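Have a look at the structure below before the remarks.
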Amino acid sequence: MHVYSSDADTRRVIAFILAALSIAAIFGLQALLSRYQIPASVSVLSSFGLYGLFHYLFDNYVWKWGILNGACGPNLTGTWRGVLKSSHSSLSREHRIELHVHQTWSRIKIVLDGEKANSESQMAVLTTSMPSRHELIWEYLARTKDVTTGSFMHLGVTHLRIVSTPTFSATGSYYTEQNRNTYGTIELSRNDS
């Protein structure tokens, strides 16, 4: 997984809240230790250590909870199924694809599993300007599944417009680097079962 950029204003606010909670928790722990006459040296936690713990918990679990999920950006984790049309076949043939998204609050990995090739995201951007409409843009590295045809590897960019109501669906496009010079369309829906 790699970090991803986001335009969500909550990223800065949440970092500040986690830092404030860490400092408050240290003061609370010190007060608790002194109340029960436990030496302060027993407490090996620092506010930095607590911040790391709080950030880990928030990054992996808390951001997905109820109302926080919408406030912290969409949770795109899951398997998305759909079709891709490529200029390689004049956009006339539908290729079945699966898109596997693994996401935390700060990291993401996008893996596309196609009929003839797989690709993995190298970097990504998630825009959240509207509550139920988002854009996910990523650069990918694609590799062939059939090594007997010779190896091919190429870079490309995918741009999806995601709608989250009533269910998650996405439409978009992709293009490859200049030496392959192909492009196409993608339609997906998330399998929430």
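The values are calculated or read from the model by the stated rules, or taken from the named source; none is laboratory data. Just so it is clear, the structure is predicted and the values come from calculations on it, not from any experiment. So basically every Cβ, Gly included, is an ideal-geometry build from the backbone, and we count neighbours across all protein chains shown.
A search for C-beta distances below 7 Å between a residue of the stretch 90-101 that is in contact (Cβ under 8 Å) with a residue 60 or more places away in the chain and assigned by TED's automatic domain parsing to the domain that holds GLY172 and any residue that is in a loop (DSSP other than H, G, I, E, B) and not hydroxyl-bearing (Ser, Thr, Tyr), counting only pairs 6+ apart in sequence or on different chains, returns ILE97/GLY114.
Residue pairs whose Cβ atoms lie under 8 Å apart, sitting 6 or more positions apart in sequence or on different chains, and linking a residue in the stretch 149-173 that is surrounded by fewer than 16 Cβ atoms within 10 Å (Cβ to Cβ) to a partner that is part of a loop (DSSP other than H, G, I, E, B) and not charged (D, E, K, R), are VAL163/SER132; THR165/SER132.
The residues of the stretch 48-82 that are farther than 26 Å from MET130 by Cα, at pLDDT 90 or above, surrounded by 13 or more Cβ atoms within 10 Å (Cβ to Cβ) and not aromatic (Phe, Trp, Tyr), listed by number, are GLY52, LEU53. Does at least one position in the stretch 107-114 carry a residue that is within 22 Å of TRP63 (Cα to Cα), basic (Lys, Arg) and either modelled with pLDDT of 95 or more or surrounded by 21 or more Cβ atoms within 10 Å (Cβ to Cβ) (or both)? Within the stretch 107-114, one or more residues are within 22 Å of TRP63 (Cα to Cα), basic (Lys, Arg) and either modelled with pLDDT of 95 or more or surrounded by 21 or more Cβ atoms within 10 Å (Cβ to Cβ) (or both).
For the stretch 61-82, name all the residues that are assigned to a helix (DSSP H, G or I) and within 15 Å of TYR4 (Cβ to Cβ). TRP63, the sole residue that qualifies.
Being in contact (Cβ under 8 Å) with a residue 24 or more places away in the chain and more than 16 Å from THR158 (Cβ to Cβ) is the filter; apply it to the stretch 116-142 and report the residue that is surrounded by the fewest Cβ atoms within 10 Å (Cβ to Cβ). Working first, answer last.
Taking the stretch 116-142 and keeping what is in contact (Cβ under 8 Å) with a residue 24 or more places away in the chain, we get 116-119, 121-129, 131-136, 138, 140, 142.
Adding the requirement that they be more than 16 Å from THR158 (Cβ to Cβ) leaves 116, 128-129, 131-133.
Numbers: LYS116: 11, THR128: 19, SER129: 9, PRO131: 11, SER132: 11, ARG133: 14.
Applying the filter and picking the extreme gives SER129.
Within the stretch 88-121, the residues that satisfy the criterion of being in a strand (DSSP E or B) and either farther than 20 Å from ARG143 by Cα or among the hydrophobic types (A, V, I, L, M, F, W, C) (or both) are ILE97, LEU99, VAL101, GLN103, ARG107, ILE108, ILE110, VAL111, LEU112, ALA117.
Mind listing just one residue for me: the one in the stretch 1-40 that is assigned to a loop (DSSP other than H, G, I, E, B) and within 23 Å of the chain's Cα centre (by Cα) and, of those, surrounded by the fewest Cβ atoms within 10 Å (Cβ to Cβ)?
Of the residues in the stretch 1-40, the ones assigned to a loop (DSSP other than H, G, I, E, B) are 1, 7-9, 36-39.
Those still in the list that are within 23 Å of the chain's Cα centre (by Cα) too: 1, 7-9.
On the way: MET1: 12, ASP7: 13, ALA8: 19, ASP9: 10.
The selected residue is ASP9.
Taking the stated definitions as given, is LYS85 at pLDDT below 95 and in a strand (DSSP E or B)?
Details: at pLDDT below 95: yes; in a strand (DSSP E or B): yes.
So LYS85 fits the description; yes.
Residues that are among the hydrophobic types (A, V, I, L, M, F, W, C) and surrounded by fewer than 15 Cβ atoms within 10 Å (Cβ to Cβ): does the stretch 89-106 have at least one? Yes, the stretch 89-106 contains at least one residue that is among the hydrophobic types (A, V, I, L, M, F, W, C) and surrounded by fewer than 15 Cβ atoms within 10 Å (Cβ to Cβ).
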